[in-house]
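Step one of this worksheet: look at the structure below.
The values are calculated or read from the model by the stated rules, or taken from the named source; none is laboratory data. A quick note: this is a predicted structure, and the numbers were derived from the prediction, not measured. Here the Cβ positions follow ideal geometry from the backbone for every residue, glycine too, while neighbour counts run over all protein chains shown.
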Amino acid sequence: MSQIDYILKFADKATAVADAVAVLQTYTDAQSVKQFAQDHCLELTVWRNSQDTTDGSGNAVHHPLAGYFVLISMPGVIPAVLNHSAVQIVVDRDKMNAGQGGFLLANNIAGAILQDIRFSPVFTGMNVPWGGLN
């Protein structure tokens, strides 16, 4: 079974937390939502590479996009999350890491922006082909 990574965008943290509790309770069975969230969710900073500037020392300065982004990683496709209205991108991490086509399972971001998008942090073991998310 593949590891599936879902990136969702919410208006703010309160909205994300309220939504995540409802979604995650459905899929955690006997696990606690809090533990599940700690193990399977990351708060993300998302920006467009083309909008980076540099500081006085030549270091890149990212300009985060509006909204509150979350990366949820699940062992397999969960239709309710895949089809969630907040989904921005869904990838099959195993296919992505292997350089196989078809790793992008869902995308609600325009092509030019998708090629320019960056996010941090990522789960250990994610080999994201920056500029090649198509």
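What the table shows:
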read-out: Odd one out for residue 35 among (1) farther than 23 Å from residue 107 by Cα; (2) modelled with pLDDT of 75 or more; value: (2)
read-out: Residue in the stretch 78-97 that is out of contact with any His (no Cβ under 9 Å at 6 or more places or on another chain), within 18 Å of residue 50 (Cβ to Cβ), assigned to a strand (DSSP E or B) and at pLDDT 90 or above present; value: yes
read-out: Set 60, 11: member being modelled with pLDDT of 90 or more and over 16 Å from the mean Cα position of the chain (by Cα); value: 60
read-out: Residue satisfying condition, being surrounded by 13 or more Cβ atoms within 10 Å (Cβ to Cβ), under 20 Å from residue 2 (Cβ atoms) and either without any contact (Cβ under 8 Å) to a residue 24 or more places away in the chain or in contact with an Asp or Glu (Cβ under 6 Å, 6 or more places away or on another chain) (or both), within set 128, 91, 77; value: 91
read-out: Residue that is modelled with the lowest pLDDT, among those in the stretch 98-120 that are closer than 12 Å to residue 7 by Cα and part of a loop (DSSP other than H, G, I, E, B); value: 109
read-out: Close pairs from the stretch 53-66: first touching a residue at least 40 places away in the same chain (Cβ under 8 Å), partner part of a loop (DSSP other than H, G, I, E, B), Cβ under 6 Å, at least 6 apart; value: 62/52
